[in-house]
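The structure under discussion appears below in the form of structure tokens.
Laboratory data are not the source of any read-out in this text; all were calculated from the coordinates shown. All values reported here derive from a predicted model rather than from experimental measurement. Ideal geometry is used to build each Cβ from the backbone, glycine not excepted, and the neighbour counts take in all protein chains shown.
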Amino acid sequence: MMDNLKRILSVDEMNPVDDLVLKLAMARGLDEIMALVRSQARALVGADGITFVLRRGQECFYADEDAITPLWKGQYFPAQACISGWAMMRREVVVIEDIYADDRIPHAAYRPTFVKSLAMVPVRMEDPVAAIGAYWSRQYLPSTEQLNCLKRIANSAAVAMTNVALLEDLVTSREEAIQAKEAIIFAMAALAEVRDNETGNHIYRTQHYVKVLAEAARERFAEQLDDATIDLIFKSAPLHDIGKIGVPDKILLKPGKLDRDEFAIMQTHTELGRRTIEAAERRLGTSTFLSLAKEIAYTHHEKWDGSGYPTGLSGGNIPLSGRLMAIADVYDALVSERVYKQAIPHQDAVDLIVSESGRHFDPDLIEIFSQVAPAFATIHSQFVDR
Ligand SMILES: [Fe+2]
Ligand SMILES: [Fe+2]
């Protein structure tokens, strides 16, 4: 990347200060910024020591240094009683030729060190967040070039620290947006579920079953199942029954078996789910996430032999996401207790599902399911209904 930049800028023989300025501009964290200053500033400025001081409220933290003998790395000093604090609070560059003749200097802290002269430059003049100090072991007045070099390094560090802060803000707000989206999805899914006989953790369990199954199936369905798609299936699976929001309570909460008419109304939850997600798409614009969620909501009750609903799709015409969800959904319904039925044991549920290979379910997926079925049992025990 560095070489590319140099080429773009057509700087073949970049001077070392430019080189440091460029590297600082690309730094991705405070540690990297300080390491760059530590490793290069002393030689560039021509000093016997360099410190990188961070402002921490009312204190100055000597965070990093490069010097002929140790200075104050790791120590805190009150901003009122040290020269870096003085420079930061007044937003001024300080040059002191003889530190023992200057009463702004806490002499006791300097006596054990080699320092006789210094220059201190705030980082980010308008609102200093740090300072860079240069030190000499003899009484010395740095030249204009040396001071300019130090100021340039401090200015570049200021830009770099601002970049890092912006980047961190950006990452945080992106993460917050993702978390908010996931929370809303779960809230919507939970809303559908609380109205249903299926209680508690059905949405968590089914999304985990689907993930296990999709991961095991990725070799067989390599073209359709990559990391990103599996992750999206996992995230959109909780919405599979979102359409149940539109099914009347007397049907949804009926403690017994549904009659024909009631079952026909129950079946509309697939179409209602598709329409609900379509409404979201119209509002938010379409995304792979929403179209997968829609596909799953619409097709998770289709059957391999064409006898499912709502459209009677068969075989490979049923989207893979719907075929995966069907297995997860049925497994969970079988091994969970409902007001109208008992739970059946894990192995009985597996046998029943396997016996439906080629009828209800995709035979390829059933082969894979029989291999990973023990993981389904583990997931079921992890998210038990209370
Ligand atoms: Fe459903
Ligand atoms: Fe379900």
Spin-label proximity, K341 to segment 365-382 - amide N less than 11 Å from point 7 Å beyond Cα toward beta carbon: none
Dipole of segment 100-192 [Lys/Arg +1, Asp/Glu -1 at C-beta], most positive-end residue of A131, Y100, F186: Y100
For the chain, what log10 I(q)/I(0) values come out of the Debye formula at q = 0.11, 0.13 1/Å, with one point per alpha carbon and no solvent? -0.76, -0.92
Residue-wise HN-Hα coupling along segment 135-142, computed from phi with Karplus coefficients 6.51, -1.76, 1.60 (Hz; x: Gly, Pro): 10, 10, 8, 10, 5, 7, 10, x
How far is helix 227-236 tilted, in degrees, relative to the longest principal axis of the Cα atoms in the chain, given as a value from 0 to 90 rounded to the nearest 10? 60
Mean Cβ neighbour count within 10 Å, used as a protection proxy, ranking 251-259, 67-75, 328-336, 171-179 highest first: 328-336, 67-75, 251-259, 171-179
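Taking a ≥ b ≥ c as the square roots of the eigenvalues of the Cα gyration tensor of segment 249-330, is the shape rounded (a/c under 1.5), prolate (a/b larger than b/c) or oblate?
Values: a/c = 2.26, a/b = 1.28, b/c = 1.78.
In terms of gyration-tensor shape, oblate.
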Among A279, H360, A237, the residue whose Cα sits farthest towards the positive end of the charge dipole of segment 195-382, when +1 is placed on the Cβ of each Lys and Arg and -1 on the Cβ of each Asp and Glu, is A279
FRET efficiency estimate (nearest 0.05) - Cβ-Cβ, L170 to Y100, R0 56 angstrom: 0.75
So what's the back-of-envelope 222 nm ellipticity for the chain, counting only DSSP H runs of four-plus at -39500 (n - 2.57) apiece and dividing by all residues, rounded to 500? -17500 deg cm²/dmol
Which pairs break 18 Å Cα to Cα here: K254/K341; K250/K303; K181/K235? K250/K303
What list of ³J(HN,Hα) couplings, whole Hz, do you get for segment 180-188 from phi and the Karplus terms 6.51, -1.76, 1.60, once you set θ to phi - 60° and write x for glycine and proline? 5, 4, 5, 5, 5, 4, 5, 4, 4
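Could you list E302, E215 in order of exposure, starting from the residue whose Cβ has the fewest other Cβ atoms within 10 Å? The partial results should precede the final answer.
Values: E302 26, E215 16.
Ascending Cβ contact count within 10 Å gives the list E215, E302.
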DSSP beta bridge pairing in the chain, given as percent antiparallel to the nearest 5: 95
Would you mind checking which residues have amide H under 5 Å from A67's amide H? H placed 1.01 Å from N; only 5 or more apart, or other chain. I50
